[in-house]
Amino acid sequence: MPEHQVATFGGRIIENVERVIVGKRAVTELVLVALLCDGHVLLEDVPGVGKTMLARSIARSLGGDFRRIQFTPDLLPSDISGLSYFNQKLGDFQFRPGPVFTNILLADEINRATPRTQSALLEAMEERTVTVEGETMRLPRPFLVLATENPVELEGTFPLPEAQLDRFLLRLSIGYPSAEDEDLMLQRLQHNHPIETLATVVPPDAFAEAVEAVRDVHVEPELRAYIATVSRATRTHDAIELGVSPRGTLALYRATQAMAALRGRSYATPDDTKAVAVAVLAHRIILSPDARLRGRTVDHILNEILSSVEAPVEAVRTG
């Protein structure tokens, strides 16, 4: 699949999702970046802004399955992965797949489950397999986890440690709609919810072809050096206690390729890197205590770094 067809693939899904989620094109585009990179997304937002609808809309657009897990303190790992049970009629053990065996999984309020249960999901995200009773089963493709956290109600939660946050390709926030978008939403929902009539808009084999096309996107050596320099700058910045890991550098590289392909190009530019950098890197960084006391934010510091690191614009445009 050529890169311009990846742009068509992404454009069809975005237009379809916009029938349900109004005015959040940039967020949908970044979720598609994660999908094309075989990554996962952490959504930090207040309830009611459309996280579930976003996940369901993407699943329907792809013609894939959608499952939702409400994370609670009493949720067990087997509630996610599935379990083996004895079937008396057959006289043998059978495996009952858990909700993780799907294409688009919404892990709602993941920080309300215990670390053991969180780890079970994160292992499935990383390995894309589930092992039960010594038997390893592969998860379907595409497999995208949209995990949500409520940044307001933190009582009784189990925050994800940095090593687990690093497993998410992107961290996003949908945010409240504008006045115009909220009015349009009310008009569309007057009679029936658009999600009920949402159709599949891409053929089943298009996803695998799009993923391969993304990996073929050309990245000039100068742009590779720019991506690495941005990551290294987070490790030496005086306001940052923990900088971006090498996994984060690779994530930024892959997301740059995906953004370029979604924009219809066979080569990446620094603008593609800048478009995804904050979403890819912010959750992988820990600010120093002094920076937090001064009210500085990770997003602001990352934008400072992106502005200070010289981008090889001319070299990439001629690539």
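The values are calculated or read from the model by the stated rules, or taken from the named source; none is laboratory data. Nothing here was measured: the structure is a model prediction, and the numbers come from that model. Ideal geometry is used to build each Cβ from the backbone, glycine not excepted, and the neighbour counts take in all protein chains shown.
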Considering only the stretch 250-319, give the helices (runs of 4 or more DSSP H) lying wholly within it that have at least 3 residues that are aliphatic (A, V, I, L, M) and at pLDDT below 95.
313-317
Of the residues in the stretch 39-67, those that are surrounded by fewer than 16 Cβ atoms within 10 Å (Cβ to Cβ) and of a type outside the set (G, A, S) come to V46, P47, D65
Would you check if S78 is small (G, A, S), in a helix (DSSP H, G or I) and surrounded by fewer than 19 Cβ atoms within 10 Å (Cβ to Cβ)?
yes
Which condition breaks for G264 when tested against (1) within 20 Å of L32 (Cβ to Cβ); (2) buried (at least 17 other Cβ atoms within 10 Å of the Cβ)?
(2)
Determine whether the stretch 132-140 contains at least one residue that is in a loop (DSSP other than H, G, I, E, B) and under 24 Å from V20 (Cα atoms).
no
Residues being of a type outside the set (S, T, Y) and either assigned to a loop (DSSP other than H, G, I, E, B) or closer than 28 Å to P47 by Cβ (or both) - total across the stretch 83-107:
13
Candidate set from the stretch 123-170 (those that are among the hydroxyl-bearing types (S, T, Y) and surrounded by fewer than 18 Cβ atoms within 10 Å (Cβ to Cβ)); member that is nearest to I104 (Cα to Cα)
T129
Give just the number: which of (1) over 19 Å from G39 (Cβ atoms); (2) touching a helix residue (DSSP H, G or I) at 6+ places or on another chain (Cβ under 9 Å); (3) not hydroxyl-bearing (S, T, Y) does D205 not satisfy?
(2)
